[in-house]
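Working notes for the structure below.
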Amino acid sequence: MLGVFTRAALACVLLAGWSAAPARAEDTLEKIKQHGTIVVGVKNDYKPWGFVDPSGKIVGMEIDLAEDVAKRLGVKLELIPVTGANRMEFLNQGRIDLILATMGDTPERRKVVGMIEPNYYAGATNVLAPKSAQLKQWADLKGRKLCAVQGAYYNRRVSQLYGPDLVVFPAVPEAMNALQGGNCVGFLFDDTLIVSTLSAGDPKWQDYEMPLVSEDPQAWAMGVRLSDLEAPFGGFLKKLSIEWHKTGTLVELEKKWGIKPSPFLQEMHDKYKGS
Amino acid sequence: MERIADFFRWLNDAHGVNLSIFYDSLDRSRFLEGLWTTVELSTICTLLSLVIGVVGAWLQGARFGPTRGLVQAYIQFFRNTPPLVQLFFFYFAVGNELPHVLDQHGMLVPPISNVGWAVLSLSLFAGAFNIEIFRAGIEAVPRAMVEAAESLGYSRLGVYRHVLLPLAFRISLPALNNNLVNLVKTTTLAYAIAVPELLYAASQIWSEELNVREMMNVLLVTYVALIAVLVAIMGRWERALHIPGYSP
Amino acid sequence: MTPLPVLLPGKPALAGSAREGWREFFSGGVLVAVLAALAISILAGEARAQPGIGASPGVLAILLKWSPLIFQGFLFNLMVSVLSMLAGTALGLWLGLGRVSQFVALRRASGGVIQFFRNAPWLVLLFYCMFLLPFSITLPFATVPLPDAAKAVIGLSLPVMANVAEIVRGGVGSIPLEQWESGEALAFSRSQIMWMVILPQCLRRMIPPWMNLYAILTMSTTLISVVGIQDSMTLARAALVAEGRTELFIPMYLMLLSWFFLYCYPIARWTTVLERRFRVRV
């Protein structure tokens, strides 16, 4: 019996030690170089920025960008699939070092994670709806069932402004499946994904359209911990982002993945070309 | 009421402990609605699954072989497959295939909503367990009672209704309560198909207010308290209906 | 059945042999029914597939293309279930012993812990562990990383621990008082009685409910897909989105259901066989 108690006491001491230990305040860049691996959080259900191919590998435009980051740092790349609802938690817990997961750059989020400027992409909010729904303007959504995904920054704004009945799913595949089943009148999401879905030429999406005017344009940003924003890691990423725009890497990657050319990227490319 | 709200606002500003459900009326109403939906869902599913249990236990005694086989197949299927996959199967796959109906806006929508599918799937899941529980209860009733009833001229259905079922219910009440508790816990799965129950409401709140830590604790405490109350009530009822001298 | 009021010999003790179990398994038309449903859905899907679009492969071909990947996810589910079961059983054994201990405080504390973890929904516990456990444990001598899968295993092992504790309590409680008294008469200490007399006898009785718990746990491992871990469910959903065809939904989910069924149904049958074999004969 005594043995049990001693063991229990030891476990308590260890637990106390673990929870009381302060967070490591090491520089992320040094840590990455030491470990020889950078851990990046990416989407795996947002075609073609981050999605899964039949062999199980995550591929996409953002994965190509992550590989560029790893190459320039001279380390290996480890990809962790994240969702809108958990990417900031993972970053702040230290599970990942960098968020490259179609994250919108909003003032509320800037309080929680550090956003790297210049932004590497931009999207806006829109709705994927069947043509038979005959939606003409945002006000048509009032009282209608609208599928959405957890953790999107525009959910609250749209539901407060236009009063739809929001049906929120944990991830994109469920929301898309629900839309296909007719469980909602449309799918509220970033217009970049909607455009890429419609332009992929899949016959199933022939009867769908993006009827409304894209609202609330939101730039996307790479996310790092707040402590890293002014640190060497943040500085490196800021310079890299400028270089991507300058050399037109982002425009090329857009073409490679069949994404409709975005005016935002063209603007940024022209802006940085000369510098 | 206002003082409580002020206290929690102070708690947030001074210590960063954001319990927004206490001071924000939108969050509070969402949370309470979620709680109410969980209670509603549990109640409806319990009643439906009880009906399925009674009918299924009756069919299990049928003389016609294929009926018994069908009931057995139903039980084994729903007991040996994950309830989450069952839920997804019903909502996404089966719901898709059903003939759509026109709603008030002139759009083709599936006839059963996500709440409807959650009720259906969870009832079928719990019903399968209930059939087994009722069967065990029925088998525990002494054969002598059934024979006595038959000798008094009751038909098979009459014996089932007036003699077997009431006794079997009292005998299997502990197991039924266990199943009920499990059902209440299983309603959390409906979160995955966007049914606005408690877990869904909490996740909405923490996505917007970014107060995951606090909401998780509130959620855990709420569920444990809810089920503790249920267990206490059910325990009282069990003791009241306990058959004197019978211990399984 | 004779009409005379004589006492017929009781039914012979059921053999409960493994062979009888297998026969029941195969003769269960259930398996046939499930596979038939799968086949029908695949054929229906093939029939509904868009005609004329040259390179569009059939439903069966798509299922086979994605099966290896989804099967890997399924094996991951199984691995999580085994690890959670081991962790939960180890913890639950101690908790159960605490529940039947002679010290009132320990009994009450164990009872409280058991009630707490039995009352909490499994999904909420999973969410809790995923969000609130740190990503690495800083011990004085090293930093141990805690990957997502480990957090899920911990999250699932908590309810398992509580249920195993209840099984242990039930098992220990089912041993007649005479065993305890005989042990005392032979001057064994309480812990000696527990470990050398009681627990070996309980073990056989605890196995059927323990196996039942394992089956429930295996089915609950699908919950980890809701908290964002890659398992067979997330991979199946990703495959459905990548293919984007409605006629795939039913076959894909039926395939997943049948895999779980093929794993859990034999366990359930075996549990019944063992229950009969280890039935307490008075």
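The values are calculated or read from the model by the stated rules, or taken from the named source; none is laboratory data. All values reported here derive from a predicted model rather than from experimental measurement. Because the Cβ atoms are built from the backbone with ideal geometry, glycine has one as well, and the counts that use them run over all protein chains shown.
Quick look at the numbers
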| item | result |
| --- | --- |
| Criterion (of a type in the set (S, T, N, Q) and in contact with an Asp or Glu (Cβ under 6 Å, 6 or more places away or on another chain)) met by exactly one of A:227, A:214, A:241 | A:214 |
| Some residue of segment A:240-251 being within 26 Å of residue A:201 (Cα to Cα), surrounded by 16 or more Cβ atoms within 10 Å (Cβ to Cβ), in contact (Cβ under 8 Å) with a residue 60 or more places away in the chain and not assigned by TED's automatic domain parsing to the domain that holds residue A:192 | yes |
| Conditions (1) assigned to a loop (DSSP other than H, G, I, E, B); (2) surrounded by 15 or more Cβ atoms within 10 Å (Cβ to Cβ); number of the one not met by residue B:99 | (2) |
| Segment B:190-226: number of residues that are more than 9 Å from chain A (Cβ to nearest Cβ), under 18 Å from residue A:148 (Cα atoms) and over 17 Å from the mean Cα position of the chain (by Cα) | 4 |
| Residue check for residue B:34: within 14 Å of chain C (Cβ to nearest Cβ), among the small types (Gly, Ala, Ser), more than 11 Å from residue B:128 (Cα to Cα) and surrounded by fewer than 20 Cβ atoms within 10 Å (Cβ to Cβ) | no |
| Wholly within segment A:212-275, helices (runs of 4 or more DSSP H) carrying at least 1 residues that are within 30 Å of residue A:34 (Cα to Cα) | A:232-246, A:249-256 |
| Residue list for segment C:237-247, restricted to those being at the interface with another protein chain (Cβ under 7 Å from one of its Cβ atoms) and touching a residue at least 60 places away in the same chain (Cβ under 8 Å) | C:245 |
| Hey, residue B:220 more than 18 Å from residue C:130 (Cβ to Cβ) and not acidic (Asp, Glu) or not | no |
| Which listed residue is in contact (Cβ under 8 Å) with a residue 12 or more places away in the chain, closer than 26 Å to residue B:173 by Cα and surrounded by fewer than 21 Cβ atoms within 10 Å (Cβ to Cβ), from B:139, B:132, B:150 | B:132 |
| Condition broken by residue A:140, with the remaining ones in (1) touching a residue at least 12 places away in the same chain (Cβ under 8 Å); (2) among the acidic types (Asp, Glu); (3) facing another protein chain (nearest Cβ under 10 Å) satisfied | (1) |
| Filter result (more than 20 Å from residue C:166 (Cβ to Cβ), at the interface with chain B (Cβ under 8 Å from one of its Cβ atoms) and touching a residue at least 24 places away in the same chain (Cβ under 8 Å)) within segment C:124-142 | C:127, C:128 |
| Segments classed as helices (runs of 4 or more DSSP H), wholly inside segment A:77-179, with at least 1 members that are of a type in the set (Ser, Thr, Tyr) | A:154-162 |
| Meets criteria (under 24 Å from residue A:165 (Cβ atoms), of a type outside the set (Lys, Arg) and in contact with a helix residue (DSSP H, G or I) (Cβ under 7 Å, 6 or more places away or on another chain)) for residue B:145 | no |
| Residue match in segment C:188-209 (condition: outside any helix (DSSP H, G or I), without any contact (Cβ under 8 Å) to a residue 24 or more places away in the chain, more than 14 Å from chain B (Cβ to nearest Cβ) and not basic (Lys, Arg)) | yes |
| Scan of segment A:177-203 for residues that are surrounded by 24 or more Cβ atoms within 10 Å (Cβ to Cβ) and without any contact (Cβ under 8 Å) to a residue 12 or more places away in the chain, ordered by number | A:177 |
| Single condition residue C:250 does not satisfy, out of (1) surrounded by fewer than 20 Cβ atoms within 10 Å (Cβ to Cβ); (2) more than 29 Å from residue C:125 (Cβ to Cβ); (3) facing another protein chain (nearest Cβ under 8 Å); (4) among the hydrophobic types (A, V, I, L, M, F, W, C) | (1) |
| Residue B:28 being free of Cβ contacts under 8 Å to residues at least 60 places away in the same chain and within 14 Å of chain C (Cβ to nearest Cβ) | no |
| Subset of segment B:37-78 that is more than 11 Å from every other protein chain (Cβ to nearest Cβ) and closer than 26 Å to residue B:206 by Cα - its residue that is surrounded by the fewest Cβ atoms within 10 Å (Cβ to Cβ) | B:40 |
| Matching entry among C:227, C:172 (being touching a residue at least 40 places away in the same chain (Cβ under 8 Å) and away from every other protein chain (no Cβ under 14 Å)) | C:172 |
| Answer from B:243, B:205 - the residue that is outside any helix (DSSP H, G or I) and at pLDDT below 90 | B:243 |
| Residue B:93 being buried (at least 18 other Cβ atoms within 10 Å of the Cβ), small (Gly, Ala, Ser) and facing chain C (nearest Cβ under 7 Å) | yes |
| Filter pass, residue B:81 being at the interface with chain C (Cβ under 7 Å from one of its Cβ atoms), among the hydroxyl-bearing types (Ser, Thr, Tyr) and closer than 30 Å to residue C:237 by Cα | yes |
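So that you can scan it fast, the table gives a plain yes or no per residue for (1) within 14 Å of chain C (Cβ to nearest Cβ); (2) surrounded by 22 or more Cβ atoms within 10 Å (Cβ to Cβ); (3) in contact with a helix residue (DSSP H, G or I) (Cβ under 6 Å, 6 or more places away or on another chain):
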site	(1), (2), (3)
A:94	yes, no, no
A:97	yes, yes, yes
A:104	no, yes, no
A:111	no, no, no
A:117	no, no, no
A:123	no, yes, yes
A:131	no, no, yes
A:154	no, no, no
A:165	no, no, no
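For (1) within 14 Å of chain A (Cβ to nearest Cβ); (2) within 16 Å of the chain's Cα centre (by Cα), each residue gets a yes or a no:
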{"site": "B:106", "(1), (2)": "yes, no"}
{"site": "B:111", "(1), (2)": "yes, no"}
{"site": "B:117", "(1), (2)": "yes, yes"}
{"site": "B:122", "(1), (2)": "no, yes"}
{"site": "B:125", "(1), (2)": "no, yes"}
{"site": "B:133", "(1), (2)": "no, yes"}
{"site": "B:143", "(1), (2)": "no, no"}
{"site": "B:148", "(1), (2)": "no, no"}
{"site": "B:154", "(1), (2)": "no, no"}
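A quick yes/no check of all residues on (1) farther than 30 Å from residue A:146 by Cβ; (2) assigned to a helix (DSSP H, G or I); (3) not hydroxyl-bearing (Ser, Thr, Tyr):
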{"position": "B:106", "(1), (2), (3)": "no, no, yes"}
{"position": "B:112", "(1), (2), (3)": "no, no, yes"}
{"position": "B:123", "(1), (2), (3)": "no, yes, no"}
{"position": "B:126", "(1), (2), (3)": "yes, yes, yes"}
{"position": "B:131", "(1), (2), (3)": "yes, yes, yes"}
{"position": "B:136", "(1), (2), (3)": "yes, yes, yes"}
{"position": "B:146", "(1), (2), (3)": "yes, yes, yes"}
{"position": "B:172", "(1), (2), (3)": "yes, yes, no"}
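Conditions (1) within 20 Å of the chain's Cα centre (by Cα); (2) closer than 14 Å to residue A:121 by Cβ, marked per residue:
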position	(1), (2)
A:230	no, no
A:239	no, no
A:242	yes, no
A:245	yes, yes
A:250	yes, yes
A:253	yes, yes
A:256	yes, no
A:259	yes, yes
A:269	no, yes
